[in-house]
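A short worksheet on the structure shown next.
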Ligand SMILES: CC(C)(COP(=O)(O)OP(=O)(O)OC[C@H]1O[C@@H](n2cnc3c(N)ncnc32)[C@H](O)[C@@H]1OP(=O)(O)O)[C@@H](O)C(=O)NCCC(=O)NCCS
């Protein structure tokens, strides 16, 4: 059973290493490497952002195995959109941790923001992610080019779960 806690300032380097993991960059909508200064400013801001929930997961030996992040984006004349992102440490991938992290993270998200609908934007070739979200109870909703960088075609998969 994994346990989790909110991310804290001393996690900055760990999150930096996870963010620049090769596969994580490839599966992100902005695939460029992230400089440390940019990351530190971003991470520091997110820790106090009321619209962000960053949870770090540990195994029974208290070793960090991955993270999930929920971000609440306010929309005019519509309910806020909650977007989820997950990553698992490269050393412990392939053991089904992601679906546990997503499931437990969604419970924490519900405690924080109530019975919201959560959206996961997944690149079409990221079958490990698709499977992990499905196992955590997400259902395919539609294709979207919302986060495509300029000039990039193709639709990403949007998976949805209502808490
Ligand atoms: C995607 C990610 C979170 C998955 O985490 P994980 O805990 O290692 O997931 P697993 O490898 O255990 O895979 C989960 C399921 O997907 C399946 N799967 C994995 N790779 C697959 C592939 N290429 N094709 C089909 N199924 C695949 C596994 O068999 C498993 O299914 P099962 O439990 O029914 O056997 C992890 O690989 C990661 O951190 N990747 C980089 C960041 C990322 O892509 N984040 C998601 C952005 S949306």
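Rule-based calculations on the coordinates, nothing more; no lab input. All values reported here derive from a predicted model rather than from experimental measurement. Cβ sites come from the backbone with ideal geometry, for glycine too, and all protein chains shown count toward neighbours.
For residue 97, the stated conditions hold: it is within 12 Å of the ligand (Cβ to nearest atom) and surrounded by 11 or more Cβ atoms within 10 Å (Cβ to Cβ).
Restricting the search to strands (runs of 3 or more DSSP E) fully inside region 52-163 and requiring at least 3 residues that are in contact (Cβ under 8 Å) with a residue 12 or more places away in the chain and in contact with a helix residue (DSSP H, G or I) (Cβ under 9 Å, 6 or more places away or on another chain) gives 52-58, 64-75, 78-88, 117-122, 156-162.
Residue 33 meets each of the listed conditions (1) touching a helix residue (DSSP H, G or I) at 6+ places or on another chain (Cβ under 8 Å); (2) away from the ligand (no atom under 16 Å from the Cβ); (3) free of Cβ contacts under 8 Å to residues at least 40 places away in the same chain; (4) not in a helix (DSSP H, G or I) apart from (2).
Residues are listed down the side, and each one gets a yes or a no for (1) exposed (fewer than 11 other Cβ atoms within 10 Å of the Cβ); (2) in contact with a strand residue (DSSP E or B) (Cβ under 8 Å, 6 or more places away or on another chain):
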site: 39; (1), (2): no, no
site: 46; (1), (2): no, yes
site: 53; (1), (2): no, yes
site: 69; (1), (2): no, yes
site: 74; (1), (2): yes, yes
site: 77; (1), (2): yes, no
site: 81; (1), (2): no, yes
site: 87; (1), (2): no, yes
site: 91; (1), (2): yes, no
